[in-house]
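A short worksheet on the structure shown next.
The values are calculated or read from the model by the stated rules, or taken from the named source; none is laboratory data. The structure presented is a predicted model; accordingly, all values stated were derived computationally and were not measured. Heads up, the Cβs are rebuilt from the backbone with ideal geometry, glycines too, and the neighbour counts pull from every protein chain shown.
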Amino acid sequence: MLYFALLLYCLVGTIFLMESYLEGERDGGEWDIWRVVGLVLSLVWPLHLVICLLAVIWSRRVSPPVITPSH
């Protein structure tokens, strides 16, 4: 399962990295700080999604079950 998640993360990151790279090439291909930042952020944003998903999974495992009284 972990390997599948890592593979999926790398696939999504690579797709967005290539899209950002090709967009920079179409705009003239000059390497400035903003192009480098854009390429780095295209790899980092899926990590934010993974962290959010792990937080949801962790909160469901850690929180005790809610018992509601029946009337």
- Taking segment 1-39 and the residues there that are over 22 Å from residue 54 (Cα atoms) and of a type in the set (Val, Ile, Thr), the one that is modelled with the highest pLDDT would be 33
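Does segment 19-39 contain at least one residue that is part of a helix (DSSP H, G or I), of a type in the set (A, V, I, L, M, F, W, C) and within 11 Å of the chain's Cα centre (by Cα)?
No; the residues of segment 19-39 include none that is part of a helix (DSSP H, G or I), of a type in the set (A, V, I, L, M, F, W, C) and within 11 Å of the chain's Cα centre (by Cα).
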- Item | residue 9, sole failed condition from (1) free of Cβ contacts under 8 Å to residues at least 40 places away in the same chain; (2) part of a helix (DSSP H, G or I) | (1)
